[in-house]
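One structure is given here, and the rest of the page talks about it.
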Amino acid sequence: MALDTRAAAAKAIAQVFRQQGSLASALPPVLKQVKPQDKGLLQELCYGSLRYFHRLNHSLQGLLTQPLKAKDQDIQALLLIGCYQLDYSRIPAHAAVASCVEACRALKKPWACKLVNGVLRNYQRQATNQHDMSAQPWLEHSHPKWFYNRLQKAWPDYADDILLQNNQHPPFSLRLNLERLSVDQYLDLLSQRGISARACPFSPNGITLEKPCPVEQLPHFEDGWLSVQDEAAQFSAHLLELADDQHILDACCAPGGKTGHILELAKNPSLTAIDTEAKRLKRVEENLARLGFSAKLLCADASDTRLWFDGEQFDRILLDAPCSATGVIRRHPDIKLLRKPQNIEELCEIQKRLLESLWPLLKPGGILLYATCSVLPEENDEQITQFLAHHADAEEYAIEAPWGVAVAHGRQLFPQAQGHDGFYYARLQKNKQKA
C-alpha cells in the first residue's frame, strides 16, 4: 500500500531536522513508497517547505503553546508542510489543512490530528500579522541569521539578489559532448520533441531547458552524448587548458560530472579521480561508463598522499574542494538548516589541507584549478590569498572571462536568474624557476 504523500514528505523532512542526513539522501527511500503520480508533489513539498523553513517556522512557533517533543519532529515537519501549502501552493486552503490532518493518521499519530488542524487554521487566520518580518530581514528572506549577516558583510551590493535567487527554482542545464553534435543540432532535436530550450550564455557546451524533464526524455542521454550539469560547473574543464597526453588529477571527484567533461575534452589523458566515499565513487564509475570513458578511480582521502600517490607528478590538478555549498542553496535548500557557522571553519581547514597536500604533486609549469560552489570569501579568494602568501613557487594564472566578478584572486560567481549557480574559481600555476 502506498504511503500518504504528506506523511512521506514529513518523514524525509524530519530526518533533516534530526541532522540524520541531507534531503538528497532522505528522499529516495520515501519516493519509492508513494504512488508514481505523487512523486512530483512529494519533492515539491519537501524542497518548498525547507526553502521557506525560517519564515514558516518562525510563525509556527508563535502558534504552539509548547514545543513538540524530539520524537514528534515528523509532526513538526507536517505543520511546516501545511504552512507551505497555505502560503506557496495552489492547493485550496481547506484541502491543505485536511491533507495534513489525514497524514497524522498515516504517521500513526492520530492524537496529533486536533493539534495540526488547530495550528494550521490559526496560521491561516493570522497570516497577515505573522508575515510582517521587516524588522528581521533574515526571516523575511528565509535564511539563517548568521548566513544573512555574513552575506551582507561580504557582498553588500549582491547580497539581496543572492538571497532572492536562493529561494527560486534552479534551472535545468545540460552539457553536450561537442564531439557528438553541436548545440544548435541538439536544440533542433529537443524542439522536434516539444522540449523548449536555449543555449547557455557562457558555456560553449551548455543548454538550459525551459522546464525540467526526466533524463529518459532527452535524446541520446543514454548514449552518453550529454550530461546534466550546471553552467558554472562546465567552466572547470575549459579553465584547465587541457592538452594531449597529460597526466591529470581530479581530486574530490564525485559525482563525476567534471571528470567526464575532462575526458570529453582531453586527448589521450592519464586521469586519476579520487573520492573519500566508495558509494559516491561507484556513481562516478557509472557516469563515466554511460559516457563511454574510464579512469583510474581511487577511494581515498586526497590529502593523505602517502597512501595513494605513486610519485609521478601531474600536469593538471582539479581541486573541487569540499565546501559550504552556499552557492547552490536553491538546489539544496536543506543547507539552510544543516550548515552551521562552525562548519565553515572546519571546511576551511580541510580546503587548506588539500591545497597544501596536493601542491607538491603538481609539475613545474603545471596548473591547479581550485573550485568551490560557495559564495563565502573565507572559502574562496581569502583561502587562495593565504596560500599564495606561503608558497613562493605559486603564482596566480589570471582568469579572463565574461562571467562572474573579479576578486582579490580568481573569479566569484553568484546564482543567476535562470542561469548559472554560485561558484568560485582560482587558477594557480607552479613557477618553473622557483619550484
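If only the Cβ of Lys and Arg carry +1 and only the Cβ of Asp and Glu carry -1, the dipole of the chain around its Cα centre is close to 2000 debye.
Note: region 232-430, Cα convex hull, 123 Å³ per residue. Applying both filters, DSSP loop and at most 13 other Cβ atoms within 10 Å, to the trypsin sites (Lys or Arg not before Pro) of region 170-208 gives Arg193.
Annotation for region 370-435: GluC sites (Glu not before Pro) lying in DSSP loop with at most 13 further Cβ atoms inside 10 Å of their Cβ are Glu400.
When only C-alpha pairs under 8 Å and at least 6 residues apart count, what is the relative contact order of the chain, in percent? Walk me through the numbers on the way to the answer.
Details: 761 pairs, mean separation 54.9, N = 435.
Relative contact order for the chain comes out at 13 percent.
For region 308-354, the average shadow cast by the Cα convex hull is 4.7 nm², which is a quarter of the hull's surface. The mean of 1/r over all distinct Cα pairs in the chain, once inverted, gives the Kirkwood hydrodynamic radius of 23.4 Å. Rg/Rh, computed from the Cα trace of region 119-231 with Rh as the Kirkwood radius, has the value 1.18. Dividing the helix sum by the residues of the chain, where each DSSP H run of 4 or more adds -39500 (n - 2.57), gives a mean residue ellipticity at 222 nm of -12500 deg cm²/dmol. Using only the C-alpha atoms, the convex hull of region 172-228 corresponds to 68 Å³ per residue. Of the GluC sites (Glu not before Pro) found in region 265-321, those that fall in a DSSP loop while having at most 11 other beta-carbon atoms within 10 Å are Glu277, Glu312. Only one residue of Gln192, Asn205, Phe172 has its Cα farthest out toward the positive end of the dipole of region 170-222, where Lys and Arg carry +1 and Asp and Glu -1 on Cβ, and that residue is Phe172.
Taking amide H atoms as placed 1.01 Å from N in the peptide plane, the amide H of Val407 lies under 5 Å from those of Gln412, each 5 or more residues away in sequence or on another chain.
Rule-based calculations on the coordinates, nothing more; no lab input. The structure displayed is predicted, hence computed values, not measured ones. Neighbour counts are summed over all protein chains in view; Cβ atoms, including those assigned to glycine, are modelled from backbone coordinates with ideal geometry.
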